[in-house]
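Colleague: Just passing along the structure, written as structure tokens.
The values are calculated or read from the model by the stated rules, or taken from the named source; none is laboratory data. Remember, predicted model here, so these are calculated numbers, not experimental data. So basically every Cβ, Gly included, is an ideal-geometry build from the backbone, and we count neighbours across all protein chains shown.
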Amino acid sequence: MDTTRTMLLQSLANTISDYRKGEIAPITPAHVERWLNQFDFNDQHVILAEMDAIMKRLYFSRSRVKECIRAFLKEKIVRNNDPKQLLPYISFLNIQKRGSSQSIMVDLADEILREDYGYPLSAIGTHEVKIYIYLDDSIYTGSKIRYDLTDGIDTTGWLSTCPYPGCTLWVYTIARHIEGIEYARKYILNAAQTKGIKVYRETTLMLDNTRRPGSSIEMLWPENLHDPYVDSYVSELEAALTQRGWFADIFRSIAPVQERLFSSSEARRVVEQAFLKKGIQLVKASRNPAPSIRPLGFMKLISLGFGTLFVTYQNIANNCPLVLWWGDPNLPPTHPIGQWYPLFPRRTNEQRDIIGYEQIFNEPF
């Protein structure tokens, strides 16, 4: 094995070393290489080098997430106020109906409150609450935060039941995808306005996933490969779009106005095409794929997928490309889920022995 490959395998393993630590086997260079070897040999060096660089920016370890929350609380909430006078009027929301990301973030906030201010979470919010804080790791499509906070057809959002009209709501996420927050923002602000609630938003990492000229395209959105296998899959998407009278840019016809995700346009091309082709194989291997399963990550809109590469130590979103998280090495290779070895084994919101895989994968993140 050449020295550069060895160094990159070690570097990537080090960066993501605390992913689901204590839940899964430790992340090692051998684990990374087993995942990498599933791609065409000629693409492996570029994929490894790009993933190593991208994860240094987009992978958030536990310590990194904790420091982000600490900075938010210090700079946006406590500021120059006396914590003893302020904290009794603050409350953290823990309202998500699915998943554990918010609960984990709130637990980290509890640690910070104890360490920095001598207040456990149980000791704050004892007076009439003036500031509520909604924490989460990321806003992807925007659906989760929309329905956590606002009413759906058969659900009631928190803003409708807030006990203190006229309070302030802070929404803090580690990452935010522009189209996701733009989708959810109008619903949240309209609902908040009816209760006289002020809404403030803060994030550490803003990712541009807009699909239009002038975008930085900080996600995967491939150019047309003109590959017969890919063409066959895309023709099914185009037929579904036509049937609904919709139009969408299946492939990217523009270059990022500024390349922020990859080291070069050629590196982007290699990774996007490799992830797409393998992702299509995984979709087609499923016995009964849910409509929202896309090669580059879950997305209800008809497309190649959401395509984000943002990952935290606690879990990976199913909005990321399938090649990053699909698979279960405990299953035989003849099983649709046993045909791929994941870099980031994903924790699902339901247990496999209770509900079928196809149903699990039909739960968008």
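Colleague: Any idea which of ASP151, ASP116, ASP107 is more than 25 Å from the chain's Cα centre (by Cα) and surrounded by fewer than 18 Cβ atoms within 10 Å (Cβ to Cβ)?
Modeller: Sole residue among the options that is more than 25 Å from the chain's Cα centre (by Cα) and surrounded by fewer than 18 Cβ atoms within 10 Å (Cβ to Cβ): ASP116.
Colleague: May I ask you to list pairs of residues, at least six apart or on different chains, whose Cβ atoms are under 6 Å apart, with the first in the stretch 155-168 being over 19 Å from LYS97 (Cα atoms) and assigned by TED's automatic domain parsing to the domain that holds ALA192 and the second being part of a loop (DSSP other than H, G, I, E, B) and of a type in the set (D, E, K, R)?
Modeller: Pairs found: PRO165/LYS195; CYS167/LYS130.
Colleague: For the stretch 99-141, enumerate the residues that are under 17 Å from ARG347 (Cβ atoms) and of a type outside the set (Gly, Ala, Ser).
Modeller: Listed by number, the residues that qualify are GLN102, ILE104, MET105, ASP107, ASP136, ASP137, TYR140.
Colleague: Report yes if LYS186 is without any contact (Cβ under 8 Å) to a residue 60 or more places away in the chain, in contact with a strand residue (DSSP E or B) (Cβ under 7 Å, 6 or more places away or on another chain), surrounded by fewer than 15 Cβ atoms within 10 Å (Cβ to Cβ) and not hydrophobic (A, V, I, L, M, F, W, C), otherwise no.
Modeller: no
Colleague: I need the full set of residues from the stretch 119-136 which are surrounded by 15 or more Cβ atoms within 10 Å (Cβ to Cβ), out of contact with any Ser or Thr (no Cβ under 8 Å at 6 or more places or on another chain) and farther than 14 Å from VAL171 by Cα, in order please. Show your work before the answer.
Modeller: If we filter the stretch 119-136 for residues that are surrounded by 15 or more Cβ atoms within 10 Å (Cβ to Cβ), which is where we start, we get 119, 121, 124-125, 129-136.
Subsequent filtering for residues that are out of contact with any Ser or Thr (no Cβ under 8 Å at 6 or more places or on another chain) retains 119, 121, 134.
If the condition is that a residue be surrounded by 15 or more Cβ atoms within 10 Å (Cβ to Cβ), out of contact with any Ser or Thr (no Cβ under 8 Å at 6 or more places or on another chain) and farther than 14 Å from VAL171 by Cα, then TYR119, LEU121 are the ones that fit.
Colleague: Only one of these is touching a residue at least 60 places away in the same chain (Cβ under 8 Å) and crowded, with 17+ Cβ neighbours inside 10 Å: ASN288, ASN209. Name it.
Modeller: Working: ASN288 fails: crowded, with 17+ Cβ neighbours inside 10 Å.
Residue meeting the stated conditions: ASN209.
Colleague: Identify, please: which residue in the stretch 100-131 is within 21 Å of ILE145 (Cβ to Cβ), in a helix (DSSP H, G or I) and among the hydroxyl-bearing types (Ser, Thr, Tyr) and is, among those, modelled with the highest pLDDT?
Modeller: SER103
Colleague: Considering the stretch 154-171 alone, what residues qualify as being part of a loop (DSSP other than H, G, I, E, B), buried (at least 19 other Cβ atoms within 10 Å of the Cβ) and within 25 Å of the chain's Cα centre (by Cα)? Outline the logic, then answer.
Modeller: Start the filter on the stretch 154-171 by keeping residues that are part of a loop (DSSP other than H, G, I, E, B), which leaves 154-157, 162-167.
Then drop every residue that is not buried (at least 19 other Cβ atoms within 10 Å of the Cβ), which leaves 157, 162, 167.
GLY157, the sole residue that qualifies.
Colleague: Residues of the stretch 296-312 being more than 15 Å from the chain's Cα centre (by Cα) and under 14 Å from PRO222 (Cβ atoms), which ones?
Modeller: Answer for the stretch 296-312, where residues must be more than 15 Å from the chain's Cα centre (by Cα) and under 14 Å from PRO222 (Cβ atoms): SER303, LEU304.
Colleague: Another question, if that's okay. Here's a check for you: in the stretch 14-28, which residue that is free of Cβ contacts under 8 Å to residues at least 60 places away in the same chain and surrounded by 18 or more Cβ atoms within 10 Å (Cβ to Cβ) is farthest from the chain's Cα centre (by Cα)?
Modeller: ILE27
Colleague: Among the residues in the stretch 147-161, are any out of contact with any helix residue (DSSP H, G or I) (no Cβ under 7 Å at 6 or more places or on another chain), within 18 Å of TYR183 (Cβ to Cβ) and charged (D, E, K, R)?
Modeller: No, every residue in the stretch 147-161 fails to be out of contact with any helix residue (DSSP H, G or I) (no Cβ under 7 Å at 6 or more places or on another chain), within 18 Å of TYR183 (Cβ to Cβ) and charged (D, E, K, R).
Colleague: Moving on to the next point. Just name the residue that is farthest from TYR140 (Cα to Cα) out of those in the stretch 196-216 that are at pLDDT below 95 and of a type in the set (Lys, Arg).
Modeller: Here the residue is ARG212.
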